[in-house]
Amino acid sequence: MRKFLKKISLYGFVLVFGFYLGAYLLSIYVSSRDFDNSNTKNSVNIFPKKESYDFAFMGISHARIYSRGSNYKILQNLLDSSILNLAKGGGKCGLNDQVFYLKYYIDKDVDITNVILVLSPTLFLTSHLDSATNTFNDEPLDFDFYMRYLTYEAPNKYKRLFNFVKTKYNTKTWITLKPISDSRKTKIIDSIDHLKLKKMFKLYYPNGFDGINQNEKTLMRLKNLCDQNKINLKIIIPPALFGEWPGHDLLKNSLLKNRFVEEVDFYDFSNMIKEKKYYYDEHHLNSDGIEYFFKNISEKINN
């Protein structure tokens with residue numbers, strides 16, 4: 001019986017070891033494809049990092065679009081700065097994991113001068129993004145990253161770590177992953193569809209404004225992390241074609257209550273851009289929009 005159990009244990013170990021080793025080798029294979037911050041849709045760990053950056057952007061898709069394709073060069077030129085974009089779109093990443101990404105690179109001795117948190121109301125007011133199980137599906141398996149996250153406090157941690165490894169075998173989403181084209185986003189929205197907006201708000205706020213308490217604490221952790229490492233934290237609410245998102249006042253009141261408006265540079269750009277020609281949908285800027293936006297705010301965030 002003991003011999004049988006030993007064989008089963010050995011067989012199990014070999015299977016698990018092979019599972020992780022295969023995922024690791026596939027990660028090396030895919031990561032060798034000359035990725036950088038401009039030619040990845042959402043990945044953060046897939047491209048090599050510099051020793052230092054003037055700006056690190058955090059947030060969801062409203063921040064990630066700043067570095068996709070030719071937008072990355074637009075931003076670098078307008079800010080005259082080196083830029084690291086840690087944001088992840090696609091409903092994959094909440095504020096808690098954004099803080100993890102930042103801490104991970106600080107611990108890896110990447111020097112960052114300024115952090116720009118693009119605080120979309122949907123990022124702050126909801127909790128479901130922190131529970132997303134596909135957060136690391138588009139990241140290469142790195143055992144140091146894996147072990148650090150294993151000790152990090154996060155919901156659905158074990159499921160997302162399992163998916164982290166399992167998805168490295170996916171031919172559609174990982175094995176065939178390639179750099180995206182270096183092109184401008186020229187699409188322009190025709191008009192605001194208010195019925196579509198109503199459905200979108202239901203999708204983006206599945207449980208209402210249930211994330212305020214937890215994200216207030218996470219925001220405080222982010223501020224402390226920046227203070228400890230002498231990083232200037234700046235918070236911006238990004239523009240949308242329709243202006244203010246549901247819960248906009250709740251977000252601002254929370255920042256006021258917790259003295260963030262006084263203690264960090266805070267800017268509300270919700271209503272700054274109301275021209276359709278600058279958006280490819282109701283709340284995402286196209287390349288012309290990003291260029292226009294940063295031409296008008298670069299002086300503020302560079303101070």
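The values are calculated or read from the model by the stated rules, or taken from the named source; none is laboratory data. Source: prediction; values computed, not measured. Cβ placement follows ideal geometry from the backbone for every residue including glycine, while neighbour counts extend to all protein chains displayed.
Quick one: how many residues across the range 219-241 are surrounded by 17 or more Cβ atoms within 10 Å (Cβ to Cβ) and either in a loop (DSSP other than H, G, I, E, B) or of a type in the set (Phe, Trp, Tyr) (or both)? So the answer is 5.
Condition check: at pLDDT 95 or above and under 28 Å from Tyr204 (Cβ atoms). Does Leu161 satisfy that? Considered against the rule, which asks whether it is at pLDDT 95 or above and under 28 Å from Tyr204 (Cβ atoms), Leu161 comes out as yes. If a residue must be at pLDDT below 95 and acidic (Asp, Glu), how many such residues does the range 191-235 contain? Residues flagged as at pLDDT below 95 and acidic (Asp, Glu) within the range 191-235 amount to 1.
No other residue among Asn163, Asn213, Asn134 is in a loop (DSSP other than H, G, I, E, B) and surrounded by fewer than 20 Cβ atoms within 10 Å (Cβ to Cβ) apart from Asn134. Restricting attention to the range 209-232, the residues that are touching a residue at least 12 places away in the same chain (Cβ under 8 Å) and within 24 Å of Thr122 (Cβ to Cβ) total 15. Scanning the range 276-284 turns up no residue that is surrounded by fewer than 18 Cβ atoms within 10 Å (Cβ to Cβ), of a type in the set (Asp, Glu) and more than 19 Å from Asn71 (Cβ to Cβ).
Taken together, the criteria exclude Thr113 from residues that are hydroxyl-bearing (Ser, Thr, Tyr) and in contact with a Cys (Cβ under 6 Å, 6 or more places away or on another chain). Do we find that Ala87 is more than 22 Å from Asn253 (Cβ to Cβ), among the small types (Gly, Ala, Ser) and under 13 Å from the mean Cα position of the chain (by Cα) in this structure? Judged against the criteria, Ala87 is a match. In the range 249-303, of all residues being of a type in the set (Val, Ile, Thr) and part of a loop (DSSP other than H, G, I, E, B), the one that is modelled with the lowest pLDDT corresponds to Val264. A single member of Ile74, Ile112 is at pLDDT below 95, crowded, with 19+ Cβ neighbours inside 10 Å and touching a Ser or Thr at 6+ places or on another chain (Cβ under 9 Å), and it is Ile74. Would you confirm, using the coordinates I've provided, whether Ile180 is β-branched (Val, Ile, Thr), loosely packed, with under 14 Cβ neighbours inside 10 Å and within 18 Å of the chain's Cα centre (by Cα)? Yes. Looking at (1) without any contact (Cβ under 8 Å) to a residue 60 or more places away in the chain; (2) in contact with a Ser or Thr (Cβ under 7 Å, 6 or more places away or on another chain); (3) not polar (S, T, N, Q), which is the only condition Arg148 fails? Of everything listed in (1) without any contact (Cβ under 8 Å) to a residue 60 or more places away in the chain; (2) in contact with a Ser or Thr (Cβ under 7 Å, 6 or more places away or on another chain); (3) not polar (S, T, N, Q), Arg148 misses just condition (2). Figure legend. Inter-residue proximity from the range 1-23: first residues modelled with pLDDT of 70 or more, second residues of a type in the set (Val, Ile, Thr), beta-carbon distance below 8 Å, spacing 6+ or different chains. Indicated pairs: Phe19/Val165; Tyr20/Val165; Ala23/Val165. Scan the range 166-193 for residues that are of a type in the set (Lys, Arg) and outside any loop (DSSP other than H, G, I, E, B) and jot them down. Within the range 166-193, Lys166, Lys168, Lys172 qualify.
A quick yes/no check of all residues on (1) out of contact with any Pro (no Cβ under 9 Å at 6 or more places or on another chain); (2) of a type in the set (Phe, Trp, Tyr); (3) under 30 Å from His194 (Cβ atoms):
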position: Lys217; (1), (2), (3): yes, no, no
position: Cys226; (1), (2), (3): yes, no, no
position: His248; (1), (2), (3): no, no, yes
position: Asn253; (1), (2), (3): yes, no, yes
position: Tyr292; (1), (2), (3): yes, yes, yes
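Checked against (1) in contact (Cβ under 8 Å) with a residue 12 or more places away in the chain; (2) part of a helix (DSSP H, G or I); (3) more than 30 Å from Lys277 (Cβ to Cβ); (4) out of contact with any strand residue (DSSP E or B) (no Cβ under 7 Å at 6 or more places or on another chain), Lys196 meets all criteria but (3). Taking residues in the range 248-261 that are under 16 Å from Tyr205 (Cβ atoms) and surrounded by 14 or more Cβ atoms within 10 Å (Cβ to Cβ), and partners anywhere that are among the hydroxyl-bearing types (Ser, Thr, Tyr) and modelled with pLDDT of 95 or more, the pairs with Cβ atoms closer than 7 Å and at least 6 places apart or on different chains are His248/Ser270.
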